[in-house]
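Novice: Structure below; questions to follow.
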Amino acid sequence: MRPATSHDVARLAGVSQPTVSRALRDDPRVSRDTIARVRAAAASLGYVPSSRGRSLSTRATGQVAVVVGELDNPFYMEALEHLYGRLEADGLRLVALTDPPERSSLTVERLLDGAVDGAIVMTTLLGSDLPGQLAARGLPTVLLNRAIDDELVDTVECDNRQGAGLAAAELLALGHREIAAIFGPATTSTGRDREAAFREVLAAGGVPLAEARIRRGPFTHEFGRQALGELLAGAPADARRGDGAAR
């Protein structure tokens, strides 16, 4: 048995096929009685509107791409959950692309092939040309949790500098002076800004941050465990026992 079409719905409801399309979109030009009749006919026939057909007529896909890094990072999974809910509430679909930043050329091709109406990019490096390419092609783009130095697209991020500065200030307030730090990649705005603010607050408190006590790397559990192990292996015995840092 072939699936029902909008023409079948139109015949059953006694309206034209374009009216079916408008009624199922709750177009204000269609009366409420006609909308109810069309929806009833569609339900009885088991008709499901084709998003592909709508995109041909409206020139919009109703899909937004979200470019993330590796999905084993719990931050990305939680962000995707919130983004999905917000886009779904607005009648849009989320399409996740998991290309790492170093493969941005592939991402550009996938974002500009007409399959999405916009992009939310979460993995941009400071020197990435992806936002500029998307802006030049007219694809609405927002950077989330990352920033670039050129203001080519809108950016949404937390105050990384303030957060890192507050962490440093808390350590100083507790009396610690032998301090180590694990930072993200310096090629990202998050890694760069957090390290800069952390250093500035420590320096203002008269505590230098020795390079030997710094580790930089990807935002992964594996790197965090490795870096912490290295730092603890080189720490004084009292710090390894948890008795407090040297003052």
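Read-outs throughout are calculated quantities, based only on the coordinates presented, and are distinct from any laboratory measurement. Because the structure is a prediction, the values reported are computed rather than measured. With ideal geometry, Cβ positions are generated from the backbone for all residues, glycine too; neighbour counts draw on all protein chains shown.
Novice: For the chain, take the longest principal axis of its alpha carbons; what is the angle in degrees between that and the long axis of helix 74-89, to the nearest 10 within 0 to 90?
Specialist: 30 degrees
Novice: Output the peptides 26-32, 5-11, 92-98, 171-177 sorted from most to least packed, where packing is the average of other Cβ atoms within 10 Å over each peptide's residues.
Specialist: Going from most to least packed, we get 5-11, 92-98, 171-177, 26-32.
Novice: Please give the per residue volume of the convex hull enclosing the alpha carbon atoms of segment 63-156, rounded to a whole number of Å³.
Specialist: On the way: hull volume 8.2 nm³, N = 94.
With only Cα atoms used, segment 63-156 gives 87 Å³ per residue.
Novice: At R0 = 30 Å, how high is the FRET efficiency between Gln63 and His7 if r is their beta carbon distance? Nearest 0.05 is fine.
Specialist: Calculated value: 0.70.
Novice: I want to check the label-to-label distance for Arg29 and Arg213. Put each point 7 Å from Cα in the C-beta direction and report it in nm to one decimal.
Specialist: Distance between label points: 7.0 nm.
Novice: Mean-square fluctuation check for the chain, GNM, Cα pairs under 10 Å: which of Arg137, Arg213, Arg37 is largest?
Specialist: Arg37
Novice: What is the helix-to-structure angle for 160-173, meaning the angle in degrees between its Cα long axis and the longest Cα principal axis of the chain, kept from 0 to 90 and rounded to the nearest 10?
Specialist: Result, in degrees: 30.
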